[in-house]
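Novice: Mind looking over this structure? Questions follow.
The values are calculated or read from the model by the stated rules, or taken from the named source; none is laboratory data. The shown structure was predicted, so the numbers you read here are calculated from the model rather than taken from an experiment. Heads up, the Cβs are rebuilt from the backbone with ideal geometry, glycines too, and the neighbour counts pull from every protein chain shown. For accessibility, only protein heavy atoms count, side chains too; no ligands or nucleic acids. Shrake-Rupley method; radii C 1.70, N 1.55, O 1.52, S 1.80 Å.
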Amino acid sequence: MQRSGPATSRRRFLKGAALAAVPYALLPDPRAGAQTRAVDYPGAEWQPASTSNYTRSNRPTAYPIDYVVIHVTQETYADALSIFQNPAKQVSIHYLVRSADGHVAQCVRESDIAWHAGNWDYNTRSIGIEHEGWVDRPEYFTNALYEQSAGLTAAVCDTYGIPKDRAHIIGHYEVPGTDHTDPGPDWDWTRYIRLVNFA
């Protein structure tokens with residue numbers, strides 16, 4: 001025969017009373033282990049750049065966000081993170097995508113201005129996305145990298161009303177005044193824009 005509800009035992013009652021008497025200072029902090037800052041893109045890992053390497057802002061109120069700029073690191077994922085976290089380097093990025101699995105790290109909040117394009121006007125009006133690899137080593141442009149990056153770019157475009165086309169999703173080499181060539185001739189723009197539009 002089942003009881004209609006759990007009976008409160010004397011032991012359970014005393015344990016509850018004892019717990020209520022424990023000072024808050026002795027209880028674990030519920031925020032322990034939580035990230036310091038929430039990321040803008042769900043699933044990204046917060047890997048903050050040095051505060052010496054970007055400009056705090058309140059975009060898109062201060063500046064409209066009109067572009068996504070695609071970069072290739074010319075470094076490994078780990079080395080690129082180290083560069084963005086080094087205050088002497090004076091460079092940063094909003095997001096970094098790892099080649100092997102498409103893992104996304106966020107280094108600068110979207111509301112802030114990352115120093116990535118080498119052109120202040122474009123820095124203020126864009127989100128920069130770095131991709132682990134080298135412009136002359138297409139094996140770094142894996143399916144996972146393309147797919148995860150395209151999902152990220154699609155989300156950025158949706159958030160700020162950026163058209164999902166080549167006029168607004170540009171390579172670093174297309175930024176006026178740059179001497180960079182990334183993402184390079186092996187970057188498959190047709191595939192990438194298609195993935196962005198179907199993400």
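Novice: Is there a residue being touching a His at 6+ places or on another chain (Cβ under 9 Å) and either modelled with pLDDT of 95 or more or open to solvent by 80 Å² or more (accessible area, probe 1.4 Å) (or both) anywhere in the stretch 8-17?
Specialist: No; the residues of the stretch 8-17 include none that is touching a His at 6+ places or on another chain (Cβ under 9 Å) and either modelled with pLDDT of 95 or more or open to solvent by 80 Å² or more (accessible area, probe 1.4 Å) (or both).
Novice: Return yes when R31 is modelled with pLDDT under 95, in contact with a strand residue (DSSP E or B) (Cβ under 6 Å, 6 or more places away or on another chain) and either closer than 17 Å to A155 by Cβ or not hydrophobic (A, V, I, L, M, F, W, C) (or both) and no when it is not.
Specialist: It is false that R31 is modelled with pLDDT under 95, in contact with a strand residue (DSSP E or B) (Cβ under 6 Å, 6 or more places away or on another chain) and either closer than 17 Å to A155 by Cβ or not hydrophobic (A, V, I, L, M, F, W, C) (or both).
Novice: Return only the number of the condition from (1) in a helix (DSSP H, G or I); (2) surrounded by 19 or more Cβ atoms within 10 Å (Cβ to Cβ); (3) among the small types (G, A, S) that A144 does not satisfy.
Specialist: (2)
Novice: While we're looking at this one, here's another question. Cβ-Cβ distance below 6 Å, separation of 6 or more or different chains: which pairs start in the stretch 170-192 with a residue that is touching a residue at least 40 places away in the same chain (Cβ under 8 Å) and end on one that is open to solvent by 70 Å² or more (accessible area, probe 1.4 Å)?
Specialist: Here the result reads H172/H180; T178/G118; H180/Y173; T181/Y173, each pair linking the stretch 170-192 to a residue that is open to solvent by 70 Å² or more (accessible area, probe 1.4 Å).
Novice: State yes or no: is I162 over 16 Å from H71 (Cα atoms), open to solvent by less than 20 Å² (accessible area, probe 1.4 Å), within 19 Å of the chain's Cα centre (by Cα) and of a type in the set (V, I, T)?
Specialist: So I162 passes the test.
Novice: For the stretch 153-167, which residues satisfy the criterion of being out of contact with any helix residue (DSSP H, G or I) (no Cβ under 9 Å at 6 or more places or on another chain), part of a helix (DSSP H, G or I) and not charged (D, E, K, R)?
Specialist: Selection gives A155, V156, T159, Y160.
Novice: Now, a different point. Please state which one of I193, I170 is open to solvent by less than 50 Å² (accessible area, probe 1.4 Å) and either outside any helix (DSSP H, G or I) or of a type in the set (D, E, K, R) (or both).
Specialist: Every option except I170 fails the conditions.
Novice: Within the stretch 155-199, count every residue that is β-branched (V, I, T) and over 26 Å from D136 (Cα atoms).
Specialist: 3
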